[in-house]
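No value in this document is a laboratory result; all are computed from the given coordinates. Note that the coordinates shown come from a computational prediction; the quantities given were computed from them, not determined experimentally. FYI the Cβ positions are ideal-geometry reconstructions off the backbone, even for glycines, and counts take in every protein chain you see.
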């Protein structure tokens with residue numbers, strides 16, 4: 001029996017909107033579901049929810065995965081698989097959500113957004129290892145360096 005996303009997760013309330021929660025215990029390595037939605041072919045397209053598929057393609061996800069929240073220590077991740085049409089030309093990538101660890105029933109399923117430093121915002125994930133910013137870990141030094149530069153005092 002193949003379980004669908006709605007079997008694994010549900011959408012529920014969180015302090016800042018909505019989130020995705022485990023309906024049952026989810027074992028590490030489980031493909032929780034396929035992220036479905038509208039594929040946009042526009043290099044300038046950007047929203048709070050869209051997923052960069054590379055090139056000029058973005059995916060505007062539908063529920064439930066539209067409501068995945070960020071965490072600096074995520075329990076799941078986006079897996080992006082390249083796809084080609086039968087004639088060999090590239091097609092928009094497919095996106096799935098995979099459990100990085102065992103996720104107990106009732107736990108919020110969260111990913112690391114890994115945003116660029118140019119789009120970073122303050123992080124409120126609450127993780128003991130919170131980076132303080134919603135940003136890719138490797139871009140954090142770039143962000144903190146530019147923030148320090150902007151906060152110098154002039155005497």
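Our helix-only sum for the chain, with -39,500 (n - 2.57) per DSSP H run of n ≥ 4 divided by its residues, gives a mean residue ellipticity at 222 nm of -2500 deg cm²/dmol. To the nearest ten degrees, helix 140-150 and the longest principal axis of the Cα atoms of the chain are 30 degrees apart. Percentage of Cα-Cα pair distances in the range 64-137 greater than 16 Å, rounded to whole percent? I get 58 percent for the Cα pairs in the range 64-137 exceeding 16 Å. Under the criterion of Cα pairs below 8 Å and six or more residues apart, the relative contact order for the chain equals 23 percent. Going by neighbour counts of Cβ atoms within 10 Å, the residues 16, 57 line up, fewest first, as 16, 57.
Starting from the exponent 0.38 and prefactor 2.2 Å, build the expected Rg for the range 94-146 from its residue count and divide its actual Cα Rg by it.
Working: Rg = 13.1 Å, N = 53, 2.2 N^0.38 = 9.9 Å.
Compactness ratio reported: 1.32.
How would you classify the range 27-82 from its alpha-carbon gyration tensor, with a ≥ b ≥ c the square roots of the eigenvalues: rounded for a/c under 1.5, else prolate if a/b is greater than b/c, otherwise oblate?
Values: a/c = 1.92, a/b = 1.72, b/c = 1.11.
Prolate.
Most fluctuating residue of 99, 129, 22 in a GNM of the chain with Cα springs under 10 Å: which is it? Ranking 99, 129, 22 by mean-square fluctuation puts 129 first.
Average 1/r across all pairs of distinct alpha carbons in the chain, invert it, and you get the Kirkwood radius: 17.0 Å.
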